[in-house]
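Read the figures in this text as sums done on the coordinates, not as results from a lab. Computed from a prediction, not measured in an experiment: that's the story for all the values here. Note: ideal-geometry Cβ built from the backbone for every residue, glycine included; neighbour counts use all protein chains shown.
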Amino acid sequence: MDVFNKFFVLLTNVWKEGVSGASFTDIIIALFVFFIFLLLRSFVSRFIVKKIEIYVSKSTNNFDNSLTTSLEGPIKFFPVVFGFFFASTFLNLDGRSAIFIENLNRSLVTILIFWFIHQLIYPASLLIKSIEEILSRDLLNWILRALKVLIVILGFAATLEIWGIKIGPIIAGLGLFGVAVALGVQDLFKNLISGILVLVEKRFKVGDWIVVEGIIEGTVENIGFRSTVIRKFDKSLATIPNFQFAEKAVINQTETTNRRIDWLIGLEYKTTSEQLEKVRNNILKYIENSPDFLISTKTPHAVNLNQFSASSIDIMVRCYTQTNSYYEWLKVKDKFIIEIKKIVEDAGASFAFPSQSIYVEKFDK
C-alpha cells in the first residue's frame, strides 16, 4: 500500500507542477478555452462581417463594400489571436516558457495589425479619387502591389525583432551580398525602371491591343514589375521583358480614333480619260454620301489620279471610317470594295494586273 500511496503522491505532485510552473489542469483548461475560440471563430467572424455589411449597405460608395471584403481575412484571424491570448492567461508559467508565450502573443498581434494595414491599402486608394486622374489605373495598381510587399516585409521584420533577431545586421549582410550580385541583376533593374516608365507615360494599359514591331502583337493582360503578359491573337500567352517597350516603338491600336483606308486602285492603260473621271468622281461621291466614313478637317479624304505605274493608271483612295473597331472596320472595307468594283464595271473600265509586253524583232539573214 505504501508503494501505491507514494506513486499517487508523485502523480499528484507532477500533475500540479506540470510544465514550467503550469499545472496540467491549467494546460487542459487553456487548451479547452483555445479550442472553444477556434470553434466560435467562424460564427464570430460572420457576425462581425454581417454587422459591417448592414452598415455599409446604407451607403453607395465603393469604399465601404471594398473594405468589408478586404477585412474578412483579418476578422477571421482575430478570434484566434484573442483566443490564444485569453487561454494563455490560465497558465502561470515561469522562466523561458513565460517569455516564449509572451513573444508568441506579441507576434500574433503584430501579424494581425500588419494584416489589417495590408488589407486597408486598396480600399483607402478608392477614397482618393483624384489619384486616378494623375496616375493611370495600371500604375496605381503597380504602386499598390509595391506597398503591399513593403507592408509584408515590415511585418516580417517587426515579428523577427520580437524574437530578438536584429534586422540591421541582416540588411548590412544583404548589402554586401547585393554588391556581389549587382552585375547579375542589371536586367532586373532595367526591366523594373522600364516598366515604371511605361506606366508613368501611359503608353498602354491592361486590355489594350498593342503592336511592337518585330516583337509582339496582342492584348495586354498584365503589367508586372519585370515583364508584361500579352495574349496573342492565336490565344497563346507571351511574357515580354519591359525593356522591349522602352526601347522599341509601341503602336497602341486601341487608342486609334478612326481607322484609315489607304488604297491604290490600278486601271488598265486602255481606260479612257472619261472613264477615269467617272470612276474617280463616283468613288468620291460614295465616300461623301456614305454614313460609314467621317469627313472632317482632322480626317481628310482624297480620291485622285495618282500616277502612271508600270502596268496601270493608279487612283489613290484615302479616307477614314466612323468606327475605330477593328472588326467594324473590316465590314466597312468589305462593303467599300464591292462598291468600287461596281463603279469600275459601270464605267466600262477594267482593273489592271501586272503585265509585260514582249516585242520580237526579226533580223534578215
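Available extension along the chain between Leu284 and Thr256 is 7.7 nm, counting 0.36 nm per residue and deducting the alpha carbon span. Between Thr228 and Ile240, Asn242, the built amide H atoms are under 5 Å apart, and every one of these is 5 or more places off in sequence or on another chain.
For the peptides 80-87, 99-106, the ranking by packing is 80-87, 99-106, with the highest mean count of neighbouring Cβ atoms within 10 Å listed first. Across the stretch 292-306, computed HN-Hα scalar couplings (Karplus, 6.51 cos²θ - 1.76 cosθ + 1.60, θ = phi - 60°) run 6, 10, 9, 10, 7, 5, 7, 10, x, 10, 7, 9, 9, 5, 9 Hz from first to last residue, x flagging Gly and Pro.
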